[in-house]
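Below is one structure, written out as structure tokens; comments come after it.
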Amino acid sequence: IDQATTVSGVEAVSNTGTQLNTAMANLQNGINDKTNTLASENYHDADSDKKTAYTQAVTNAENILNKNNGSNLDKAAVESALSQVTNAKGALNGNHNLEQAKSNANTTINGLQHLTTAQK
């Protein structure tokens with residue numbers, strides 16, 4: 001702001017700051033459920049690469065949000081970080097893996113010829 005030489009220049013910087021603040025708030029909101037996500041079955045039973053992608057995206061977001069040591073990034077970079085968190089969370093496949101394991105176990109058990117119906 002101090003370097004702006006016109007009112008429109010000050011307004012442009014102010015608008016950019018407001019937009020960046022909104023993007024940072026959205027990023028914070030995007031990781032607010034981190035604890036619940038990390039404790040979820042969807043995370044625990046997810047493929048390891050998907051868990052790694054999620055934890056890395058969250059760590060990157062936390063680094064951006066760090067008020068003492070965070071980087072001076074623009075709105076597009078902050079929005080990209082939010083997109084990475086959102087996509088990585090959406091890619092977690094633990095619930096699917098659990099359902100697949102249940103289905104496979106049921107198929108195996110149903111194929112066991114010497115079990116009674118009650119044992120199955």
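Worth pointing out:
- Folded to 0 to 90 degrees: helix 94-110 orientation relative to the chain principal axis, Cα: 10
- When the charge dipole of the chain is built from unit charges on Cβ atoms (+1 for Lys and Arg, -1 for Asp and Glu) and taken about the Cα centre, the candidate among Gln56, Thr5, Ser40 whose Cα reaches farthest toward its positive end is Ser40.
- Annotation for region 43-84: trypsin sites (Lys or Arg not before Pro) lying in DSSP loop with at most 15 further Cβ atoms inside 10 Å of their Cβ are Lys67.
- The chain - charge dipole about Cα centre, Lys and Arg +1 at Cβ, Asp and Glu -1, debye rounded to 20: 400
- Relative contact order (%) - criterion: Cα under 8 Å, at least six apart; region: the chain: 30
- Calculated Rg and Dmax of the Cα atoms in Å (choose from (i) 12.4, 33; (ii) 23.1, 87; (iii) 14.0, 41), label: (ii)
- Seen against the Cα atoms of the chain and their longest principal axis, helix 75-91 is set at about 10 degrees.
No value in this document is a laboratory result; all are computed from the given coordinates. Quantities reported herein were computed from a predicted structural model and do not represent experimental measurements. Cβ atoms come from the backbone with ideal geometry, glycine included; neighbour counts cover every protein chain shown.
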